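What follows is a set of notes on a single structure, which appears directly below.
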Amino acid sequence: MRRNLRYLILFCFVVAAMHASAQKDRLLNTSYTSSFSQGTIEAFLTDIQNKTSIPISFSASSLDLSTQVRLRGGERTVKDVLATILVDQKVSVVAREDKILIVLRESRKRSPHRETFVINGYIREEASKEVLIGAAVYIPGLPAGTVTNNYGFYSLTVPEGEHQVVCNYLGFLSDTVSMSLKRDTRKDFFLLSDNRLAEIKVTRKVKESHDRTHFLLNDIEGSPALLGENDIMRAIQNTAGVQAGADGMASILVRGGDPGQNLHLLDGVPVYYADHIFGLTSVFNLDAIKSVDFYKGAFPARFGGRLASVVDVTTKDGDMERMGGQFNMGLVKSSLNLEGPIIKDKASIMLSARRTWIDMLWRPFTNDVGFNFYDVNGKANYILNKNNRLYLSVYNGRDQVSTKTSLDEFNMKWGNLISSAKWTSIIDPKLFVNTMLAYSKFNFQLREGRLTNMGDTDRFAFNNGRSSIKDYSAKVQLHYYPDLKHHIQGGVNYTYSDFNPISVASDQQLTAFGFSLNVNRFQSNEVTLFAEDEIKIGDKWILRPGLHWANWFNPDYNYSTLQPRMYTAYKLASNHTLYGSFTQMAQYLHFVNDNDLGLPVGFYLPSTSRIEPEEALLGTLGYTANFPWKFEYNVEVYYKDILNTTTFDAGRNPFESNVGWEDKVIQGKGWSYGAEFSLRQDIGSFHFTGAYTLSWTWRKFATLNNGDPFPYRYDRRHNIKTALTYEPNKRFSATANWMYMSGEAITLPDQISPDLDNNMLVNVHQGVNGGYTYNFSSINDYRLPPIHRLDIGFNFRKQKRRYMERTWSIGVFNVYARQNVMYVELVSANQQGEFQLTGMSFLQFIPYVNYKLRF
């Protein structure tokens, strides 16, 4: 198998080299025939962009756009026409990746003896003054370019003299300014969103760099919707190498990892449980989100504590200019978002809340079954001066599921509480510092009761379970830009954690103040240090070496890990890049879970003197290419080793009161490898994306499966995601999404024999009848049927007033009503000892309607 993977990699790189050689000058050599032979320079530039879809960036101050010019008649390419119409202008034409830049000739001159100065500042949206994350700033003709950090800050060190500085961001119009550098200069950019332009349509797309995927709000809104609910986690599921835990659920599994190996960050603070009830949606409220960065490999050194992926969510700061918001009403929940200035251009606030409402409809008729969730996001910020800014953020969410009959009761609650205070400061033009204090809490409660005869009366006897985590943390992170070739990041973080891993108590063990017995509280400390340097070598190479050190300790143990990181990229040609990475990660919290239906029956257990930290080694190698006709593709292969992966021991119940929680788990190892392919094509108003993953994932435990390796539950060989969007104008869009996943691995008995008096004392699994003894010869040697479905959606938008837009969304989840099996039950079919395997399927042909009003 690995030999075949090597051949596949070799084939991909050969094809890549051929493409790179053939397409090197494709932009300027694109065929073009003008609609007219005489006109202004502005008219010709507009015609070129309309006919070829090649963006052309320039500064109006460097060109006389009203100059009348005439073609000679022999021009056949974009390069020919530009050479003719710009012959008397003091500019040069530069092809840079997917666009053409027209720059002043002076800006391309370089002298190694000239003094250097710094251009720095923030990049913001013109209308709301929100900072833009990941916006690009560069100087054509110089190897000078950078992107803004998570607070919209950039810094460039360039030679003195005349320069044109270009700033762009997806979904916004580019801005180009001419600058004469004779000293360090502060320059804040304000970009105009295409939402503010009635007649200009700028194609939005997910920004995929070689080490991360950057999602904007509109990318998430175009992802598949369940019951009309768009969600960032479902948008991430469309990325190659990512799969859903179960069909329709919002959880993600990345490159052989489990759900607890994903680091979810909300404004830089970890979120322990990221799903709301049944996995219908995540805890990340789309109304409050500004942008999301997703990492599945090449992890920057600042991240640690998880093995599989990083989901870094940044919420909106709040509009600095005017009050506004958004209201949503769907089949599952309603939400309201409000934002606006406290002091115009100085301070702002954002509040967002949502709640399920469908449970309120049946409450008048029955209290026997109930479920609901709510969450609230809040954020305020204050600009102290041009170099300093304060942020306050808070999140609170809670879920509840309950059932009640005459014989038993069941109630389960869980939720997250997060708060943080940040101070960002520009110490000098090359140094940016972020300081943060944070608090995070996850709490889970289970109350289960049965009607019991106690003497002369019948009453309910309850058992109670609880699990919780509290974190108190402080962090300092710096960005240093010493020159054109380096971007250095470093920082330190301290976290104090208070755990209640799994506690069990009966009514007799409860006091007025809560649990009195078997609480098992546990405290730990974690100190992390990190440093990395993004190094640019000429126009071809990027290297990013990094180091992450973590120390997890309390009086009983001390674990320390040194985690090297390396990422490198080599530009074969302007639009073709070869890249690779090596990453070592460590995880001190173990998420032990046997269910993925959105209920937290899994638990975070800390590393102790008996439970060792999990570690992962990940290597990746990839190639990406994009072309002027808006086509791009990516190929990447990976191999991952996982040490000390953790699970419940066979037959153990997490709420057994006679066994300590450390004795309920075992540790082993795992590994995963595969190849990932993705592509994107834009043709006019049609936009197509596709992703395919071919992978293998294994686990091995000394006390399971006779010590032999077995497929991981989510070892799905094939995973395909496709999406086609049609958007002829801003008023209408239609989307069709089709997906396919191989069935998950399951364990079934190969022998069943009567055990009528239960001499074997078998603790049978849910869905398996008692009265029989079941023999399992191997783990996960059967497969559920593959999962596939088609989802469609339509959006109808109408501009009501200048700042008011109404959107009706309708669609169908699982159009052809595929019965995708979520789990199976082995039940006795009759008294003759015959058994039947029954598959359970729920999400079949689900229409939805959703109303949204932005104001």
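The values are calculated or read from the model by the stated rules, or taken from the named source; none is laboratory data. Quantities reported herein were computed from a predicted structural model and do not represent experimental measurements. Neighbour counts run over all protein chains shown; Cβ positions are idealised from the backbone, glycine included. What goes into the accessible areas is simple: the full protein's heavy atoms, side chains included, and nothing from ligands, DNA or RNA. Shrake-Rupley method; radii C 1.70, N 1.55, O 1.52, S 1.80 Å.
Tabulated values for the structure
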| read-out | value |
| --- | --- |
| Scope region 314-324; condition open to solvent by 10 Å² or more (accessible area, probe 1.4 Å) and within 22 Å of LEU266 (Cβ to Cβ); matching residues | THR314, LYS316, ASP319 |
| Qualifying residue in region 226-241 (condition: part of a strand (DSSP E or B) and at pLDDT 80 or above) | no |
| Residue count for region 570-589, restricted to those that are assigned to a strand (DSSP E or B) and in contact with a Pro (Cβ under 9 Å, 6 or more places away or on another chain) | 6 |
| Test: residue in region 378-394 that is farther than 24 Å from GLN326 by Cα and touching a residue at least 60 places away in the same chain (Cβ under 8 Å) | yes |
| Single match in ALA734, ALA691, ALA723, ALA702 (criterion: open to solvent by 70 Å² or more (accessible area, probe 1.4 Å) and either on the phi > 0 side of the Ramachandran plot or modelled with pLDDT of 90 or more (or both)) | ALA702 |
| Check on ARG354, assigned to a strand (DSSP E or B), touching a residue at least 40 places away in the same chain (Cβ under 8 Å), among the basic types (Lys, Arg) and under 27 Å from ARG806 (Cα atoms) | yes |
| Unmet criterion (only one of (1) of a type outside the set (Val, Ile, Thr); (2) under 23 Å from VAL147 (Cα atoms); (3) open to solvent by 50 Å² or more (accessible area, probe 1.4 Å); (4) at pLDDT 95 or above) for LYS571 | (4) |
| Subset of region 609-625 (residues that are assigned to a loop (DSSP other than H, G, I, E, B) and either modelled with pLDDT of 95 or more or touching a strand residue (DSSP E or B) at 6+ places or on another chain (Cβ under 6 Å) (or both)) | SER609, GLU612, PRO613 |
| One residue from ASN434, ASN443 being surrounded by fewer than 20 Cβ atoms within 10 Å (Cβ to Cβ) and in a strand (DSSP E or B) | ASN443 |
| Where a residue in region 597-612 is open to solvent by 40 Å² or more (accessible area, probe 1.4 Å) and its partner, wherever it lies, is at pLDDT 85 or above and not in a loop (DSSP other than H, G, I, E, B), with Cβ under 8 Å and at least six apart | SER609/TYR557; GLU612/TYR559; GLU612/ASN644; GLU612/GLN667 |
| In region 166-204, residue modelled with the lowest pLDDT [restricted to those that are over 23 Å from SER53 (Cα atoms) and crowded, with 19+ Cβ neighbours inside 10 Å] | LEU181 |
| Condition met for VAL311 (touching a residue at least 40 places away in the same chain (Cβ under 8 Å), buried (at least 21 other Cβ atoms within 10 Å of the Cβ), touching a His at 6+ places or on another chain (Cβ under 7 Å) and part of a strand (DSSP E or B)) | yes |
| Count of residues meeting criterion [open to solvent by 50 Å² or more (accessible area, probe 1.4 Å), in contact (Cβ under 8 Å) with a residue 60 or more places away in the chain and of a type in the set (Lys, Arg)] in region 537-557 | 0 |
| Any chance VAL269 is β-branched (Val, Ile, Thr), open to solvent by less than 10 Å² (accessible area, probe 1.4 Å), over 13 Å from the mean Cα position of the chain (by Cα) and farther than 28 Å from TYR851 by Cα | yes |
| Which numbered condition PHE410 fails, given (1) over 30 Å from SER155 (Cα atoms); (2) under 29 Å from the mean Cα position of the chain (by Cα) | (2) |
| Boolean, LEU826 is in contact (Cβ under 8 Å) with a residue 24 or more places away in the chain and surrounded by fewer than 16 Cβ atoms within 10 Å (Cβ to Cβ) | no |
| Failed criterion for ASN168 (all others in (1) in contact with a Ser or Thr (Cβ under 7 Å, 6 or more places away or on another chain); (2) on the phi > 0 side of the Ramachandran plot hold) | (2) |
| Unmet requirement for PHE794, which otherwise passes all of (1) open to solvent by less than 40 Å² (accessible area, probe 1.4 Å); (2) of a type outside the set (D, E, K, R); (3) within 19 Å of ALA723 (Cβ to Cβ) | (1) |
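Okay, residues lined up against (1) assigned to a strand (DSSP E or B); (2) more than 30 Å from MET323 (Cβ to Cβ); (3) at pLDDT below 90:
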site: VAL762; (1), (2), (3): no, yes, yes
site: TYR774; (1), (2), (3): yes, yes, yes
site: ASP791; (1), (2), (3): yes, yes, no
site: ARG806; (1), (2), (3): yes, no, no
site: GLY833; (1), (2), (3): no, yes, yes
site: PHE842; (1), (2), (3): no, yes, yes
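Table: residues versus (1) open to solvent by less than 50 Å² (accessible area, probe 1.4 Å); (2) touching a Pro at 6+ places or on another chain (Cβ under 6 Å); (3) modelled with pLDDT of 80 or more; (4) in a loop (DSSP other than H, G, I, E, B).
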{"residue": "LYS51", "(1), (2), (3), (4)": "no, no, yes, no"}
{"residue": "SER66", "(1), (2), (3), (4)": "no, no, yes, yes"}
{"residue": "GLY73", "(1), (2), (3), (4)": "no, no, no, yes"}
{"residue": "LYS79", "(1), (2), (3), (4)": "no, no, yes, no"}
{"residue": "LEU82", "(1), (2), (3), (4)": "yes, no, yes, no"}
